[in-house]
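Heads up: the structure comes next, in structure tokens.
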Amino acid sequence: MSLFFALATIGILMVMGLLVDGGGALNAANRSTSLAQEAARTAGQQLDPAQAVEGTAITIDPGAAIGAAQDYLAAAGVQGNAQITDGGQTLTVTVTDTYRTYFAQFIGKGTITVTGTATAHLQTAGG
């Protein structure tokens, strides 16, 4: 009977570890995606004023946008990068973070790396 209880206890601890660490990693991934979305929104507000005032185009100012995204991510305490594509109309932010495990560290997995990505498209309407 004691061998059964020992094996059952190990099994229960493994399931608990999977639930706790799996759920924690999922929450960390959701947080990374949320931070990427907010950084993309912040960066998307950095328009190129010279082109907008002239009326030639409404595009993102690349330097200001990437700086704003990096500042937002630094304030949140995470690492990430921003990339502008589509002629200054699209901005993509990728966030990389780590989750410190509780149970998986006993089998040598102390951290889980998670990423989150968000894309902001500049929408303009002619008047």
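The values are calculated or read from the model by the stated rules, or taken from the named source; none is laboratory data. Keep in mind that this is a model prediction, so the values were computed, not measured. For neighbour counting, all protein chains shown are included, and Cβ atoms are generated from backbone atoms with ideal geometry for every residue, glycine included.
When region 59-82 is filtered for residues that are surrounded by 21 or more Cβ atoms within 10 Å (Cβ to Cβ) and either in contact with a Lys or Arg (Cβ under 6 Å, 6 or more places away or on another chain) or more than 14 Å from residue 37 (Cα to Cα) (or both), only 60 remains. For residue 87, are the conditions met, namely being surrounded by 12 or more Cβ atoms within 10 Å (Cβ to Cβ) and either touching a residue at least 24 places away in the same chain (Cβ under 8 Å) or assigned to a loop (DSSP other than H, G, I, E, B) (or both)? Judged against the criteria, residue 87 is not a match. Among the conditions (1) over 30 Å from residue 19 (Cβ atoms); (2) touching a residue at least 12 places away in the same chain (Cβ under 8 Å), the only one that residue 114 does not satisfy is (1).
Can you find a residue in region 56-68 that is out of contact with any His (no Cβ under 9 Å at 6 or more places or on another chain) and closer than 30 Å to residue 14 by Cα? There is no residue in region 56-68 that is out of contact with any His (no Cβ under 9 Å at 6 or more places or on another chain) and closer than 30 Å to residue 14 by Cα.
Look through region 35-58, keep the residues that are under 18 Å from residue 119 (Cβ atoms) and either hydrophobic (A, V, I, L, M, F, W, C) or modelled with pLDDT under 80 (or both), and return whichever of them is surrounded by the fewest Cβ atoms within 10 Å (Cβ to Cβ). Applying the filter and picking the extreme gives 58.
Taking each residue of region 7-23 that is surrounded by 12 or more Cβ atoms within 10 Å (Cβ to Cβ) and modelled with pLDDT under 90 and looking for partners that are of a type in the set (A, V, I, L, M, F, W, C) and not in a helix (DSSP H, G or I) with beta-carbon atoms closer than 7 Å, six or more apart or interchain, yields 17/103.
Screening 107, 112 for residues that are under 20 Å from residue 24 (Cα atoms), loosely packed, with under 12 Cβ neighbours inside 10 Å and at pLDDT 85 or above leaves exactly one candidate, 107.
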